[in-house]
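K.L.:
Okay, handing you the structure first.
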Amino acid sequence: MKTQVAIIGAGPAGLLLGHLLKAEGIDCVVLERQTPDYVLGRIRAGVLEQITVSLMERLGLNARLKAEGLVEEGFNLADGERLIRIDVANLTGKTVVVYGQTEITKDLMDAAPSRGLEVIYGAADVALHGIESDAPHVTFLHDGNERRLDARFIVGCDGFHGPSRKAIPLGAVREYERVYPFGWLGILADVPPCNHELIYANHERGFALASMRSHTRSRYYVDVPLTEKLEDWPDERIWDELAIRLGPEAAANITRGPSIEKSIAPLRSYVFEPMRHGSLLLCGDAAHIVPPTGAKGLNLAASDVHYATEALVGYFRHSDNDAVGAYSAKALARVWKSERFSWSLTKLMHRFPDDGPFERAMQVAELDYISTSKAAQTSIAENYVGLPV
Ligand code: RFL
Ligand code: PHB
C-alpha cells in the first residue's frame, strides 16, 4: 500500500488529522492497534477549548457537539469552605464546551467511511522504518497477514505508549518529566451534576473535581496515593469523600448513583523535544503529557494537529519544503505554556506528601490572592480557555 501520510493511532489526534488532511485533498491511512469499541470505551477528557471546537466546525462534523455540548462560562476553585468563581466569559470573552472525548472520537469515527478516510483497526506490531529518509514506511500485521504502508511522511498519534516516539534515536532528543505522587480516581455516573460549572477543590483531605458530561451524567475525581487499589473504593466511599472535599455548598447538591466507570489515572508532566525527526512528526500524547488539572491534554493534541495540518498542506499543496521543518518549534511553543498552566494548577490544588506548613500557607495565600485579584483571575481564565494558536 502507498499513501502520502501514514498516521499511527486513531485516538482524537489521529482521526482529526486524518479528516483534516482528507479535506485538503491529501491522501492518508490511519493504523490503529485496538478495535473501535475499545477506543470508544476509554473515558477521558471532557472540556474542549475553542481550537478543538473550531477544528470540528471546519470539518463540518460539529452538529452533535453544537446540539449536545454544554457551553461553560466559568468554573470554580474551592478551598474547603468557599467557592472562588473564575468568570471566564467576562474575563476573556471566550468560553469552553463540555463534550466528552468519547463523543468527539465517535463523531470522527462515524464520519470516516463517508469522507473516504481509511482507518485500519486491529493493526498489530506496527513498526516504523526509514524515518530519516524521504521514503519511510510502516509494517504491521493485519488479520494474520504482514502488511506494508509506504508514505512520504509518518505522523505518530499513538499516545504515550505507542511505538512512534521510540523510533527516534535517543541522541537526537531531550526528555523532560515530572511524575506526581498521586493519581486521580475517576467515577462516571448517570446522575445530574452537583453544579452547572466545574469545581476544582483543594481540601485538607486532598483534591476533588466535580465535572460532567451532560445534564444527566456526572464525572467526579478525587486524588489518591498511587498505591491505592480500585477495589478499596466502593462507590459509597467515593461519594462520601467527594461530599467532604468539595465543600458544603456542592455537597448539598450531590446526587449519588451507581458508577458506570471507575478508574485510577496516574499524573505526569512530560515533554519530548523535538516533535519531528526526519519524516516523522509527533502529535498529542505521543509527544507530551500534562496532568489532567486544567483539562489541556486533548486540546493540546488538537493544536498539534492544527500545526501538523498546516505543515503538511504547505508541503503537499504549496511545495513549501520549510513548512514541515517549522512544525516542532511552533507546536512546542504552545505545548510548554499548557505544561506550565497544568503544572501550576496541579501544585495549587493538591496536597503533596512532602508538603509542610510553609507549602500549605503558600497555597492558602495564592487562593486568597486569586479570590481578590482580577488580574490573577484573568491569567487563569485565559489559560483555561486556551492560549492563541
Ligand atoms: P490517545 O487518545 O492515547 O490515542 C492514541 C491512539 O493510538 C493507539 N495506539 C496504537 N495504534 C497502533 N499501533 C500501536 N502500537 C499503538 N499504540 C497506541 C491507541 O490505541 C490510541 O487509540 O492519544 P491522543 O490522540 O494524542 O489524544 C490525547 C488525549 O487522549 C489525552 O491527552 C486526554 O485524554 C487527556 N485528558 C484530558 N484532556 C483534555 O483536554 N481535557 C480533559 O478534561 C482531560 N481529562 C485526560 C482527562 C486524560 C485522562 N486519563 C485517563 C489519562 C482525564 C483523564 C482521567
Ligand atoms: C473531565 O470532565 O473528565 C475533566 C474535566 C476537567 C479536568 C479533567 C477532567 O481538568
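The values are calculated or read from the model by the stated rules, or taken from the named source; none is laboratory data. Fair warning: this is a prediction, and the values are worked out from it, not measured in the lab. Here Cβ is always computed from backbone atoms with ideal geometry, including for glycine, and neighbour counts include all displayed protein chains. Quick note on the areas: whole protein, heavy atoms, side chains included, nothing else; ligands and nucleic acids left out. Shrake-Rupley method; radii C 1.70, N 1.55, O 1.52, S 1.80 Å.
K.L.:
Taking only Cα atoms, what is the 0 to 90° angle, nearest 10, from helix 297-318's long axis to the longest principal axis of the chain?
P.N.:
20 degrees
K.L.:
How much area per residue is accessible in segment 86-240 when the probe is 1.4 Å and only protein heavy atoms are counted (Å²)? Intermediate values should be presented prior to the final figure.
P.N.:
On the way: 6910 Å² over 155 residues.
That works out to 45 Å² for each residue.
K.L.:
Within segment 186-243, list the GluC sites (Glu not before Pro) lying in a DSSP loop whose Cβ has at most 13 other Cβ atoms in a 10 Å radius. Mind showing how you got there, number by number?
P.N.:
Working: sites: GLU197, GLU204, GLU228, GLU231, GLU236, GLU241; in loops: GLU197, GLU204, GLU228.
Here the sparse-neighbourhood loop sites are GLU204.
K.L.:
Over the chain, with every protein chain in place, what whole percent of the accessible area is carbon and sulfur at 1.4 Å, could you tell me?
P.N.:
On the way: 8390 of 16370 Å².
That share works out to 51 percent.
K.L.:
For the chain, with only Lys/Arg (+1) and Asp/Glu (-1) charged at the beta-carbon, what is the dipole magnitude about the Cα centre, in debye rounded to 20? List each step's numbers first, then the result.
P.N.:
Values: 41 positive and 51 negative charges, 94 e Å.
That gives the chain a dipole magnitude of about 460 debye.
K.L.:
Then there's this: Compute the separation of the alpha-carbon centres of segment 211-229 and segment 344-389 and state it in Å as a whole number.
P.N.:
Taking the Cα centre of segment 344-389 as reference, the centre of segment 211-229 is 21 Å away.
K.L.:
Roll a 1.4 Å probe over the protein chains and send me the accessible area per residue for segment 316-362 in Å².
P.N.:
I get 55 Å² per residue for segment 316-362.
K.L.:
Give the distance, in whole Å, between the Cα centre of segment 48-66 and the Cα centre of segment 264-282.
P.N.:
With segment 48-66 and segment 264-282 each reduced to a Cα centre, they are spaced 24 Å.
K.L.:
Would you work out which of LEU59, LEU367, GLY46 lies farthest towards the positive end of the dipole of the chain? Charges go on Cβ: Lys and Arg +1, Asp and Glu -1.
P.N.:
Among LEU59, LEU367, GLY46, the one farthest towards the positive end of the dipole of the chain is LEU59.
K.L.:
With both bridge residues required to lie in the chain, what share of the DSSP beta bridges run antiparallel, to the nearest 5%?
P.N.:
Taking every DSSP beta bridge within the chain, about 75 percent pair in antiparallel fashion.
K.L.:
Another question, then. I want to check the label-to-label distance for HIS196 and PHE352. Put each point 7 Å from Cα in the C-beta direction and report it in nm to one decimal.
P.N.:
Placing both labels 7 Å beyond Cα along the Cβ direction yields 3.8 nm.
K.L.:
May I pose another question? Hey, what angle do you get for helix 374-385 against the long axis of the chain, alpha-carbon based, 0 to 90 degrees rounded to 10?
P.N.:
40 degrees
K.L.:
Another question, then. Of the trypsin sites (Lys or Arg not before Pro) in segment 208-252, which ones lie in a loop per DSSP and count no more than 12 other C-beta atoms within 10 Å?
P.N.:
Working: sites: ARG213, ARG217, ARG219, LYS229, ARG237, ARG245; in loops: ARG213, ARG217, LYS229.
For trypsin sites (Lys or Arg not before Pro) across segment 208-252 that sit outside H, G, I, E and B with at most 12 neighbouring Cβ atoms in 10 Å, the list reads LYS229.
K.L.:
Next up: Could you give the dipole magnitude of segment 130-243 about its Cα centre, charging the beta-carbon of Lys and Arg +1 and that of Asp and Glu -1, in debye to the nearest 20?
P.N.:
Details: 13 positive and 19 negative charges, 85 e Å.
It works out to roughly 400 debye.
K.L.:
Okay, moving on. Residue farthest toward the positive end of the dipole of the chain, with Cβ of Lys/Arg at +1 and Asp/Glu at -1: which of GLY18, ALA127, THR216?
P.N.:
Towards the positive end, the residue furthest out is GLY18.
K.L.:
Once the Cα gyration tensor of segment 154-245 is found, what semi-axes does its equivalent ellipsoid get, as square roots of 5 times the eigenvalues, in whole Å, sorted largest first?
P.N.:
Values: eigenvalues 226, 61, 33 Å².
Semi-axis lengths for segment 154-245 are 34, 17, 13 Å.
K.L.:
Go ahead and estimate [θ] at 222 nm for the chain from helices alone: -39,500 (n - 2.57) per DSSP H run with n ≥ 4, summed, over the residue count, rounded to 500. Walk me through the intermediate numbers first.
P.N.:
Working: 13 runs with 150 residues, N = 389.
Computed mean residue ellipticity for the chain: -12000 deg cm²/dmol.
K.L.:
With only alpha-carbon atoms in the gyration tensor, what are the semi-axes of the equivalent ellipsoid for the chain, in Å, largest first? Mind showing how you got there, number by number?
P.N.:
On the way: eigenvalues 272, 94, 83 Å².
Equivalent ellipsoid semi-axes, largest first: 37, 22, 20 Å.
K.L.:
What residue among ALA23, ALA295, ALA151 shows peak mean-square fluctuation when the chain is described by a Gaussian network model with Cα springs under 10 Å?
P.N.:
Between ALA23, ALA295, ALA151, it is ALA23 that shows the largest mean-square fluctuation.
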